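In what follows, a structure is listed as structure tokens, so that the remarks can point back to it.
The values are calculated or read from the model by the stated rules, or taken from the named source; none is laboratory data. The model shown is predicted, which means the values in this text are computed figures rather than measured ones. Cβ placement follows ideal geometry from the backbone for every residue including glycine, while neighbour counts extend to all protein chains displayed.
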Amino acid sequence: MMKPFAWAAAVAASLTAAPSAFASDTLRVGMSGGYFPFTFVRQDVLQGFEVDVMNAVAEETGLEVEFVTMSFSGLIGALESDRIDTIANQITITPERSAKFAFTQAYVIDGAQVVVKRGNEDSIAGPADLAGKTVAVNLGSNFEQLLRELPQADKIEIKTYEANIAQDTALGRVDAFVMDRVSSAQLIQESPLPLALAGAPFSEIRNALPFRQDADSLALRDRVDVALSTLREGGKLAEISQKWFGTDITAVSAPAEK
């Protein structure tokens, strides 16, 4: 069941784009609320990098943002069925998704990262060492497809998870998991679990906001995209990134290793 979290964003400036034909001035943003530090709930408050970015977009556009949380695997279906207008949960731009949805510009540049139990970095030093191993990915993420595109993909046992991929890796139930590098580094920094990055990122990832391709949604996408450009040029995106990660993950090149 969806758990709505709704806040009225402050309207602090005039619109950065001409008002669209979109019927509502509310932007319904879907997110999992369980993906620290991008979107998570602490003391009953929805917060994180994605929340700050979308609140900044709301201020630029004059839209009222309404956050709707649900399981990550249900977000795409909710967008397709018009229950939300977009998804702010590190949605990777892929050819398959681009055929269905209209994306804004990328606002996070990252890479796919293999993570192992600490002490196993020598035996699994990156994706080339995953043959014969069991590797976990979050259900509904793009990392399963990235693994299946590896040359040794037919020798990798891929398991999809709703949660606990880090815990199961630390306990040795799976040999490794794959997540974006920024989240992986943050997880290792914040978590007591004995985990380590295994090698360098093996694929660039560009994350953006997807919208449906009907006329109203495209107009809303354009309005949000103009706001993202303004936030990037004014340094606000970089400021939000520094707050949560200590580096600029919104830059046009992949972030440096933490």
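Can you find a residue in the range 77-87 that is small (Gly, Ala, Ser), in contact (Cβ under 8 Å) with a residue 60 or more places away in the chain, surrounded by fewer than 23 Cβ atoms within 10 Å (Cβ to Cβ) and assigned to a helix (DSSP H, G or I)? Show your work before the answer.
In the first step, residues of the range 77-87 are kept if they are small (Gly, Ala, Ser); the result is 77-78, 81.
Now restrict to residues that are in contact (Cβ under 8 Å) with a residue 60 or more places away in the chain: 78.
Cutting the leftovers down to surrounded by fewer than 23 Cβ atoms within 10 Å (Cβ to Cβ) gives us 78.
Pick out the ones that are also assigned to a helix (DSSP H, G or I) and you get 78.
Scanning the range 77-87 turns up at least one residue that is small (Gly, Ala, Ser), in contact (Cβ under 8 Å) with a residue 60 or more places away in the chain, surrounded by fewer than 23 Cβ atoms within 10 Å (Cβ to Cβ) and assigned to a helix (DSSP H, G or I).
All but one of (1) of a type outside the set (Gly, Ala, Ser); (2) closer than 25 Å to Asp216 by Cα; (3) touching a Gly at 6+ places or on another chain (Cβ under 8 Å) hold for Lys117, so report the exception by its number.
The one condition Lys117 does not meet is (2).
Which numbered condition trips up Gly234, out of (1) in contact with a helix residue (DSSP H, G or I) (Cβ under 6 Å, 6 or more places away or on another chain); (2) free of Cβ contacts under 8 Å to residues at least 60 places away in the same chain?
The number of the failed condition is (1).
Under 9 Å between Cβ atoms, which residue pairs at least 6 apart in sequence (or on different chains) link something in the range 132-143 that is within 19 Å of Ile87 (Cα to Cα) with a partner that is among the acidic types (Asp, Glu) and part of a loop (DSSP other than H, G, I, E, B)?
As it stands, the answer is Asn138/Glu162; Leu139/Glu162; Gly140/Glu162, since those pairs meet every condition given.
What number of residues within the range 88-97 satisfy the criterion of being within 16 Å of the chain's Cα centre (by Cα) and either free of Cβ contacts under 8 Å to residues at least 40 places away in the same chain or part of a loop (DSSP other than H, G, I, E, B) (or both)? Let's see the steps before the verdict.
First, the residues of the range 88-97 that are within 16 Å of the chain's Cα centre (by Cα): 88-94, 97.
Next, only the ones that are either free of Cβ contacts under 8 Å to residues at least 40 places away in the same chain or part of a loop (DSSP other than H, G, I, E, B) (or both) stay: 88-91, 93-94.
Number satisfying all stated conditions: 6.
Do you know which of the residues in the range 199-232 that are modelled with pLDDT of 95 or more and among the basic types (Lys, Arg) is farthest from Glu96 (Cα to Cα)?
In this case the residue turns out to be Arg232.
Out of Asp216, Asp122, which single residue is without any contact (Cβ under 8 Å) to a residue 40 or more places away in the chain and surrounded by fewer than 20 Cβ atoms within 10 Å (Cβ to Cβ)?
On the way: Asp216 fails: without any contact (Cβ under 8 Å) to a residue 40 or more places away in the chain.
On inspection, the qualifying residue turns out to be Asp122.
Considering only residues that are touching a residue at least 40 places away in the same chain (Cβ under 8 Å), surrounded by fewer than 21 Cβ atoms within 10 Å (Cβ to Cβ) and more than 14 Å from Gly119 (Cα to Cα), which ones fall in the range 188-213?
Going through the range 188-213, the residues touching a residue at least 40 places away in the same chain (Cβ under 8 Å) turn out to be 188-190, 194-213.
Those still in the list that are surrounded by fewer than 21 Cβ atoms within 10 Å (Cβ to Cβ) too: 188-190, 194, 196-197, 199-200, 202-204, 206, 212-213.
Of everything in the range 188-213, those that are touching a residue at least 40 places away in the same chain (Cβ under 8 Å), surrounded by fewer than 21 Cβ atoms within 10 Å (Cβ to Cβ) and more than 14 Å from Gly119 (Cα to Cα) turn out to be Gln189, Glu190, Ala200, Phe202, Ser203, Glu204, Arg206, Arg212, Gln213.
Return only the number of the condition from (1) farther than 18 Å from Asp214 by Cβ; (2) out of contact with any Phe, Trp or Tyr (no Cβ under 9 Å at 6 or more places or on another chain) that Met54 does not satisfy.
(2)
So is Gln189 within 30 Å of Gly77 (Cα to Cα) and not hydroxyl-bearing (Ser, Thr, Tyr) or not? Write out each step before concluding.
Numbers: within 30 Å of Gly77 (Cα to Cα): no; not hydroxyl-bearing (Ser, Thr, Tyr): yes.
No: the conditions fail for Gln189.
Kindly indicate which of Ala112, Ala102 is surrounded by fewer than 22 Cβ atoms within 10 Å (Cβ to Cβ), touching a Leu at 6+ places or on another chain (Cβ under 6 Å), in contact (Cβ under 8 Å) with a residue 12 or more places away in the chain and at negative phi.
On the way: Ala112 fails: surrounded by fewer than 22 Cβ atoms within 10 Å (Cβ to Cβ).
Matching residue, one of Ala112, Ala102: Ala102.
Looking for something assigned to a strand (DSSP E or B), outside the structural domain of Val137 (by TED's automatic domain parsing) and more than 17 Å from Phe101 (Cβ to Cβ) - is there at least one such residue anywhere in the range 51-64? Outline the logic, then answer.
Of the range 51-64, the ones assigned to a strand (DSSP E or B) are 64.
Restricting the remaining residues to those that are outside the structural domain of Val137 (by TED's automatic domain parsing) gives 64.
Next cut, more than 17 Å from Phe101 (Cβ to Cβ) only: 64.
The answer is yes, given that some residue of the range 51-64 is assigned to a strand (DSSP E or B), outside the structural domain of Val137 (by TED's automatic domain parsing) and more than 17 Å from Phe101 (Cβ to Cβ).
Just to be sure, is Val178 surrounded by 14 or more Cβ atoms within 10 Å (Cβ to Cβ), in contact with a Leu (Cβ under 9 Å, 6 or more places away or on another chain) and not assigned by TED's automatic domain parsing to the domain that holds Ala58?
Answer is yes for this residue.
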